[in-house]
1. If each of Leu378 and Val163 carries a label point 7 Å out from its Cα toward its Cβ, how far apart are those two points in nm?
2. Once you sort the root eigenvalues of the Cα gyration tensor of the range 189-280 as a ≥ b ≥ c, which label holds: rounded (a/c under 1.5), prolate (a/b larger than b/c) or oblate (the other case)?
3. Take Tyr135, project a point 7 Å from its Cα along the Cβ direction, then tell me which residues of the range 161-199 have their backbone nitrogen under 18 Å from it.
4. Taking +1 at the Cβ of each Lys and Arg and -1 at the Cβ of each Asp and Glu, which of Thr409, Val12, Tyr186 sits farthest along the dipole of the chain towards its positive end, judged by Cα position relative to the Cα centre?
5. Calculate for the chain the 222 nm mean residue ellipticity that helices alone would give, adding -39,500 (n - 2.57) per DSSP H run of length 4 or more and normalising by residue count, nearest 500 deg cm²/dmol.
6. Rounded, prolate or oblate, given the Cα gyration tensor of the range 4-90, with a/c below 1.5 counting as rounded?
7. So what's the net charge close to Leu455: Lys and Arg +1, Asp and Glu -1, counting the other residues with Cβ under 12 Å from its Cβ?
8. Tell me the net charge near Arg300. Cut-off is 11 Å between Cβ atoms, Arg300 excluded, with +1 for each Lys or Arg and -1 for each Asp or Glu.
Amino acid sequence: MPARALDVDRLVRELGNWRTSSRSGPAYQGLADAIRLLIIDGVLPVGARLPSERTLAEALRVSRTTVTAAYNQLREDGYLHARRGARSTTALPVAPAARIEPAPAALSLAAAALSAPVAAVTEALAEATADMGAYLHGPGHELVGVSPLREAIAERYCERGLVTDPDQIMVTTGALHAIGLILTTYLQPGDRVLVEQPTYHGALSSISAIGAQAVPVALAEDGWDLDAVQAAIHQVSPSLAYLIPDNQNPTGMTMGFEDRQRLGRIVAETRTRTVIDETILDMWLDDPTPAPMAAAMTSRRDLVLTIGSMSKSFWGGLRVGWIRAERATIATIAALRPQVDLGTAVLEQYAAARLLARRDEVLPERREILRKRRAFLLELLATHLPDWEPGPGAGGISLWVRLPAPMSTALSAAASRMGLDLPPGPRFGVDGSLERFVRIPYALPEDQLAEAIELLARAWHAVTGSATPEPTTVVV
C-alpha cells in the first residue's frame, strides 16, 4: 500500500505553538520534539509521508534549514525513515520488548466492565428456563437468534429513532463475535480497515488475525476529526471502517448528532461499508447518547452495520451481542455463519430478552455506580498522580489519561511486577504509538480501585525515578 501523505495544513494545525518548546534551545530541536510527540501519540500515523522540507518551511514561516535540521534529528532518533528520491515517512524506533515478570497478585485494570446486577440476572435466567421449553424439542441451532430477543432489540432501535424489524437483527455470541463475523464476510487478507486511534484493542486484534490492515485516524482532543477521516478514506480506499461514536472505548467521548450526519454523508459519498460499535451505548454518565448513526443518514443506510451487546449494560457472562443491518446484509452474513458456528446459546438469549424488558429499572442504577466511581478515580489520580491528565470524555467505563512522559509500556511492566494488570497505551493503537497514554477503567469497587491506584503510583515512581508522595488516606 502506498504511504499516506500528510496534508501540510493539518500538520501545521497539529503542531500548534511548537515554538514554546524551543525557547531554551535551537528552533529545529523544538520542531523535532513537537513532531516526535505527534508520532508517539498516534496523531501522525506511522508510515505516513511528511510534507517536503520546502513546503513545511513555507507553511511554518521558518527557514528551510530549520526544517531540514529537524527532519535530520528525527531520522537519527528513529522517528523518520528516508528513501532516496522519496519523502521521509514517520516511524517509531525499534526497541527491545519489555520483559514482564508474572504478577504475584490478581488486581486488574484490564477489564472495563461492571459485575452483574445479581438479582436482575438471576431472575432473568430463572424466567428464561421456563420460556425456552418449546425449543427443547428442536436442535437448538438459531443462526440469526430467537424471535423474542430479536423483537426486543428491534423495538429498542425503534424507540431510539431507527425503524428496525426483527429480521434486521442477528444475535451473536458477544460483540467481538459480531465483529469477527462481519470481518470474515467482507474482508480478504490485505484489505484495509479505517479505525479511530485510539480504539478497542479487540477489534484491532480481529483485523490483524484475518490478515487485514488497520489504517488509523487520530481522534482530536475534543472528538472526531472528520476532515481527516474523509481525507484518509480518499487516500487509502478502505474496504471497511470501524468506529465507536458512543462513549468511545477508550476515550469516553461521544459524537454529536451533526457530526453523525456529516459522517453519514462521507460514508454514502465514498460508499464505505462502516461498522458502528454501540457496545458501550448505555453507559452515558452526563448526557444521553444521540440517535443511532444510521438514523442520521438520508441515504445508503445499507452501508452501515451496527453492533450492540449485553456485556457492558448488563453482564459480560451472558455472551450475547447482535448485528443490526439491512435484511440483505443479515442474509449474507447468515449464509457464511455456519463456517464459524451454529448460533448463540438459547438460554442466554431468553435471559437477555428478559433483561432488556427491565432496562429502565436496571440501567439507571448502573450508571449511578459508574458516576460515583469515576468521581472517586479522579480524586485518587489528583491525590497520587497529579501530573497525569485525564481526557475530556464524559461517558463509558474508563478514563483515557495522558502521562507526563512516553513511558506507558514501561509503566505496564512495572505495574505487573507489583501485581497490577494494566494494558499499555499502544495496545489501543496501531504501530506502537500512544506511549503517553493509559486507559484506566473505573469499574472496580472503591476499595479495589484505591489499592490499584496506589500500586500504579508506586509503579510510576519506580520507572521515572521520582520520589513517592506521602500516603494520603482516601475515604471509601
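1. Spacing of the two 7 Å Cα→Cβ label points: 4.1 nm.
2. Values: a/c = 1.74, a/b = 1.16, b/c = 1.51.
Since a/c reaches 1.5 but b/c is at least a/b, the shape of the range 189-280 is classed as oblate.
3. 166-175, 177-178
4. Sorting the options by dipole projection puts first Val12.
5. Theoretical 222 nm ellipticity from helices: -13000 deg cm²/dmol.
6. Numbers: a/c = 1.33, a/b = 1.28, b/c = 1.04.
Since a/c stays below 1.5, the shape of the range 4-90 is classed as rounded.
7. Numbers: positive: Arg417, Arg458; negative: Asp421, Glu451, Glu454.
Net charge in that neighbourhood comes out at -1.
8. Values: positive: Arg265, Arg271, Arg273, Arg301; negative: Glu269, Asp302, Glu326.
Here the count lands on +1.
The values are calculated or read from the model by the stated rules, or taken from the named source; none is laboratory data. Worth saying up front: this structure is predicted, and the values here are computed from it rather than measured. Virtual Cβ from ideal backbone geometry, glycine too; neighbours counted across all protein chains shown. Side chains included, ligands, DNA and RNA excluded: accessible areas come from the protein's heavy atoms. Shrake-Rupley method; radii C 1.70, N 1.55, O 1.52, S 1.80 Å.
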